[in-house]
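Accompanying notes for the structure given below.
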């Protein structure tokens, strides 16, 4: 008896095995890897996240502000301007006129997304050296004239101009100009603070020529830093050059627009914490000094052609009170960028969109606590998969996954659409999906391994169809059965006790295996199922678990095939006996087949059960096998079996007997061969003679029957027998001769129906 403590220990052990199964431990390791990967945040993880946020902006871009809400106008060096004015660079006098016209039209300031790094090639002092034939006096006058750069400088001094500068990652040979007026005030919050560590650092800075630069109201770097995929998403506001901080062009434009002397920047050991242009104008940067503008679609209405400004035909409403920035949309000038909402956009518009975002406070933000929330989603979603997939199954857990992923995705979209917050649900959903996939696959692999193990284990003694059904539907392995018509076969070795005395335990086992293997194959090859082995005896059945309309015929064919295997088997055993120096005793088998209604199914206990068959039909089949030797037959058939195959196989009437354990008589028949034997004229004559002899015997015409049995002996002699089986009709004839002799001394009752009560099994 099992103690309660032992049972409790068993349940605990079972629980621990389930909780710490291989698939769960593997999934925990994978989940840990996903969380570590998220923490490290390599570019592929970032890329997935950024593409998700790009998709959001594409679906719901920032609304283009109305005309009165557009703070910036782009003065476009477009293709038409280049065609009319001439190729770029234009004369500095032309640029000066452009500035003058803009200021006269009421522009709040003029900024340049362009750098004037070299002196104007059309400066008057260069003409004497390039034009041939000028006299010295003319050359001297030309050299005395102010340069075009000076003319532009004078215009700049009277205007509010922000000049652009270009940063380069490589070290270039550049002329050292005068110090740039600082416009960034840095407040360090703590010791050993170095914000330069977090900001983009340029090795070279392409500046404007000093004469132009010295009178500018502001200076800003217009270089952009795209993501590795070439898309501009996060725009730097600060840059580092020679350990000094410099503002971006757009930030500098904002500073000049609000008449502030400097931009306040706060930094600690973690990076940039604050960037303020004005108390009402603060930019929400990350630790690297980047802002995340909420991009709109490209707006062509904020573009004004430079030629129209020069010609005085531009709409003043687009200029007055606006921050103007001179840039280019001309393809040939190579200032083309990509943003989340547009695959191609002039680089100058990126600066404009940043300023619009600042003016209207349309930023995208990603709070630091979102990282914790996303990690929690990965952790708890993953643990839910790890717990539920093995327990509830892949089907129901898929519903939970869809619910979680849908909720996470919906929340992410809601936070973006309503609050411009960037919550990354994509990585968590993919992580949970991969965990679900791994768990489902390992479960499938485990189930498949179990099926394979089942097939390997049972294929040796079950039919292939049975193995396949059990493997595909393990749930059928439960206690219970069903009624159905079945064909039963019993096969036993005659005189096995004598044969076994020649072998030790190992040798006897080998002999049994050599015998049972070909016999089993004969059964399995014809859709049969081996129920069990009982020493040298085989029990098999047909028409379960799968339907077999030909189960009776297949059973009989299997019996003939089993007998056919005995000849080659004995030949091999005889050779082995000679080699081992022992006497060879041929193996002979007797078979009984019976058909009828049985109960078939899984029978046994909750701990162990077999797929087996029960019923009176089974018992009779066993008795028929036991009678085979008594009648000199290899195969004895029950009445239902015979009736089903008598038209296709060679069978003969054997007797009407009451077997041991039965109270009623049963007609039994002998299987002599297949359809070829049945068609032979000798067998037809023999079959009729046996039928007539049985009629005479059962009608108590004993003398007539004796004469017929003599004829049967002759027809069954070796020189006349039409069959291939080792059937001895002399045994059958001797049996009836002895009975008739006994009945002549002790006649049966007048109402005797021919039944013989068998006393042996």
Filtered residues of region 367-384 (kept if in contact with a helix residue (DSSP H, G or I) (Cβ under 7 Å, 6 or more places away or on another chain) and touching a residue at least 60 places away in the same chain (Cβ under 8 Å)): 374, 375, 378, 379, 382
Region 319-348, residues that are within 19 Å of residue 297 (Cβ to Cβ) and part of a helix (DSSP H, G or I): 347, 348
Condition met for residue 586 (within 30 Å of residue 644 (Cα to Cα) and surrounded by 14 or more Cβ atoms within 10 Å (Cβ to Cβ)): no
Hits in region 203-212 - residues which are free of Cβ contacts under 8 Å to residues at least 60 places away in the same chain and buried (at least 21 other Cβ atoms within 10 Å of the Cβ): 205
Matching option when the condition is under 14 Å from residue 99 (Cα atoms) and in contact with a strand residue (DSSP E or B) (Cβ under 9 Å, 6 or more places away or on another chain), among 265, 291, 309, 277: 309
Failed item in (1) under 60 Å from the mean Cα position of the chain (by Cα); (2) crowded, with 21+ Cβ neighbours inside 10 Å; (3) at pLDDT below 95, with residue 645 passing the rest: (3)
Odd one out for residue 355 among (1) surrounded by fewer than 24 Cβ atoms within 10 Å (Cβ to Cβ); (2) in a helix (DSSP H, G or I); (3) out of contact with any helix residue (DSSP H, G or I) (no Cβ under 7 Å at 6 or more places or on another chain): (3)
Filter result for residue 395 (part of a helix (DSSP H, G or I) and without any contact (Cβ under 8 Å) to a residue 12 or more places away in the chain): yes
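For (1) at pLDDT below 95; (2) part of a helix (DSSP H, G or I); (3) out of contact with any helix residue (DSSP H, G or I) (no Cβ under 9 Å at 6 or more places or on another chain), each residue gets a yes or a no:
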site	(1), (2), (3)
111	no, no, no
117	yes, no, yes
120	yes, no, no
137	yes, yes, yes
153	yes, yes, no
Residue in region 207-223 that is under 46 Å from the mean Cα position of the chain (by Cα), under 20 Å from residue 110 (Cα atoms) and at pLDDT 90 or above present: yes
Tally, over region 734-752, of residues that are closer than 19 Å to residue 658 by Cα, out of contact with any helix residue (DSSP H, G or I) (no Cβ under 9 Å at 6 or more places or on another chain) and in a helix (DSSP H, G or I): 3
Single residue of region 556-565 satisfying the filter (in contact with a helix residue (DSSP H, G or I) (Cβ under 7 Å, 6 or more places away or on another chain) and buried (at least 22 other Cβ atoms within 10 Å of the Cβ)) that is nearest to residue 649 (Cα to Cα): 556
Selection count, region 330-347, where residues are within 23 Å of residue 229 (Cβ to Cβ) and over 45 Å from the mean Cα position of the chain (by Cα): 1
Selection from region 57-79 of residues that are in a helix (DSSP H, G or I) and either in contact with a strand residue (DSSP E or B) (Cβ under 6 Å, 6 or more places away or on another chain) or within 30 Å of residue 421 (Cβ to Cβ) (or both): 57, 58, 59, 67, 68, 69
Residue count for region 655-679, restricted to those that are farther than 19 Å from residue 617 by Cα and surrounded by 15 or more Cβ atoms within 10 Å (Cβ to Cβ): 5
Any helices (runs of 4 or more DSSP H) falling wholly within region 624-709 and containing at least 3 residues that are more than 18 Å from residue 489 (Cβ to Cβ) and either assigned by TED's automatic domain parsing to the domain that holds residue 738 or out of contact with any helix residue (DSSP H, G or I) (no Cβ under 8 Å at 6 or more places or on another chain) (or both): 675-679, 681-698
Residue under evaluation residue 598, criteria (1) over 30 Å from residue 502 (Cα atoms); (2) within 44 Å of the chain's Cα centre (by Cα); (3) surrounded by 19 or more Cβ atoms within 10 Å (Cβ to Cβ), criterion not met: (2)
Residue selected from region 416-437 under the condition in a helix (DSSP H, G or I) and surrounded by fewer than 19 Cβ atoms within 10 Å (Cβ to Cβ), by the criterion nearest to the chain's Cα centre (by Cα): 437
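The values are calculated or read from the model by the stated rules, or taken from the named source; none is laboratory data. All values derive from a computational prediction rather than experimental measurement. Don't worry about glycine lacking a Cβ; one is built from the backbone with ideal geometry, like all the others, and counts go over all protein chains shown.
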